[in-house]
Structures are given as C-alpha cells and as structure tokens.
Amino acid sequence: MKFSTISNIGKIRQENEDAYANTTIGDLDFFIVADGMGGHSRGEVASKLASKSYIDFIEKANLDDYSSYIDLQEEAIKYANSKIYELSDDSEGLRMGTTVVCMIIDRKNATYYISHVGDSRIYIYQDKKLSLKTRDHSLINDLIDTGSLTEDEAENFINKSAITKAVGTEDVIEPESQTFSMKDGDVVLMFTDGLSNELTDEEITKVVNESDEAYDISSRLVELALNKGGRDNITVTTILI
C-alpha cells in the first residue's frame, strides 16, 4: 500500500482550514481528512483538533475492547467532537466545527471501514469504476430526499454548500458508517469539498486512469481543481492498494 496527501490553500481563501492525519497499528491503517468552519481561524483549529483527537484516541485504544472497527472509529469521532465542543464553550461563544471523513483499512481481512460527518468524501476506484462511498450531509441532499428538490433543480440551488452535520457544533454527534470489501489494485480517494465542488466524477476518473502513482494522482487532482477556480481549500489523500 502507498499513499500521498496534498493540501492547498486554493486561490481565494486567506487560510487553509483543512487538515489530515494517519497512523498504522499492526495490519490496520487509519486515515482522516477534515474541513473546518467557523471563521477567524476557528475552522483551522477545529479541523486540526479533530484530526489529532481521532489519531490520539485510536493510538491509545485497546482494540480488543471493541466489537467492531466501526464502533472504534465512531467512538474516535465522538471523542473528537467532545474536544471541539468543549473548546467552543471556552471560547467566548465562538462556535466552530469541521467535517470529517475517516477510513480504517484492514489489510488482513481486505476490508474498508468508512465513517463520515459532513460533506468531505471517499471514492473508491475498483474494477475500473469510480464509486462515491459517502453521501454528503447537506441541505441539498435533504431536500432531494424529501422530494422538495429534483436532481436537475439541485444544480442551480443557491445554498449548495450548506451542510447539516459537523463535528464539534453539538454535544452529541452520530457519524454515518459503512463497510466495503477491498481488492488488489483499488485506488481510494479522500478529499474535501474544495475538490468535489470543482471537478466532475469524469474528470477525477480520467486522472486516476492516467497514473499509477499516489503522489501524481493527488497532485494532478489538486492542480486541476486550482485551474478550475480553486475557490476553497483543497485536500486530497490518494491510497493505492
């Protein structure tokens, strides 16, 4: 397995409020990508704290205490949520939060464990097909689910970037989690909306098809997003199985 993460401030923002981290324990690899919000540097604080807290929790945990790796990962996210929420309470009412997308790669059992909150995403390129494995926790998706908005109307929806869930904004959070089988040759992409808001799935697939190096895929995706406007921070983790 090889991986590479690139994070870029973009062309518009004054600060990079994205963060990322990873660690390995035995046959398990842990990854997190986060996109903070809050203004006045609070988003940067939230995303970095979420990434650090997730890794700290994992590294200190007794893995045998958990009935599943999903339970472990969700507890790590909830721990990060509590840390950010407590810090917000101590910051003169300045609320802050962050999206997170997390993955455990179980190499021994060839399994991915995915958890997320917000609109940062995981795609898996498997059997020559790119598939989105997370669904954005967003206002636009809620409206589509309830039938208040059609897919076509969603293209021009004014509040396209509004999210409905974030880590640290409430005292209790429930991540969404899924499990998928792993295959040799998979390409895993974890990224913030600074990429997904600029590139189509077809553009992402083209980049993946044209390279077999993790760094090259991450760097080309970031470069392409910058060329398309770079209106937000862009963070991409590429993992080659």
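The values are calculated or read from the model by the stated rules, or taken from the named source; none is laboratory data. Keep in mind the model is a prediction, meaning the values are calculated, not measured. Positions of Cβ are backbone-derived with ideal geometry, glycine not excepted, and every protein chain shown enters the neighbour counts. All accessible areas refer to the heavy atoms of the entire protein, side chains included, with ligands and DNA or RNA removed. Shrake-Rupley method; radii C 1.70, N 1.55, O 1.52, S 1.80 Å.
What's the longest piece of the chain with no exposed GluC sites (Glu not before Pro), counting a site as exposed if DSSP puts it in a loop and it has at most 16 other beta carbons within 10 Å?
No qualifying site falls inside 16-91, the longest such stretch.
May I ask you to give the solvent-accessible area per residue for region 2-240, in square angstrom, as obtained with a 1.4 angstrom probe?
Per residue, region 2-240 has an accessible area of 48 Å².
Would you mind working out the magnitude of the charge dipole of the chain relative to its Cα centre, with +1 at each Lys and Arg C-beta and -1 at each Asp and Glu C-beta, to the nearest 20 Debye?
480
Taking all protein chains as present, what is the carbon and sulfur share of the accessible area of the chain, in % to the nearest whole number, probe 1.4 Å?
Carbon-and-sulfur percentage of accessible area, whole number: 45.
Sum up the charges of everything whose Cβ sits under 14 Å from the Cβ of Asn8, counting Lys and Arg as +1 and Asp and Glu as -1, but leave Asn8 out.
Overall, the nearby charge balance is -3.
Taking a label point 7 Å from the Cα of Arg231 along the Cα→Cβ vector, which residues of region 198-219 have an amide N closer than 13 Å to it?
198-199
Provide the net charge surrounding Thr134, with neighbours chosen by a C-beta distance below 11 Å and charges set as Lys +1, Arg +1, Asp -1, Glu -1.
0
Once the other residues with Cβ under 11 Å from the Cβ of Gly185 are scored (Lys, Arg +1; Asp, Glu -1), what is the net sum?
Surrounding charge for Gly185 is -2.
Work out the length of the dipole vector of region 158-241 about its Cα centre, built from +1 on the beta-carbon of each Lys and Arg and -1 on the beta-carbon of each Asp and Glu, and round it to the nearest 20 debye.
For this selection, approximately 240 debye.
With the dipole of region 2-240 worked out from charges on the C-beta (+1 for Lys and Arg, -1 for Asp and Glu) around the Cα centre, which of Ser218, Gly43, Ile105 lies farthest toward the positive end?
After comparing all options, I get Ser218.
Determine the dipole magnitude for region 1-85: charges of +1 sit on the beta-carbon of Lys and Arg, -1 on that of Asp and Glu, nothing else is charged, the reference point is the Cα centre, and the result goes in debye to the nearest 20.
My answer is approximately 480 debye.
Can you give the extra length, in nm with one decimal, that the chain gains between Asp171 and Asp56 once fully stretched, where that is 0.36 nm per residue apart less the Cα-Cα distance?
39.4 nm
From the list (i) 12.4; (ii) 16.1; (iii) 13.1, can you say which value of mean projected area of the Cα convex hull in nm² was derived from the structure given?
(iii)
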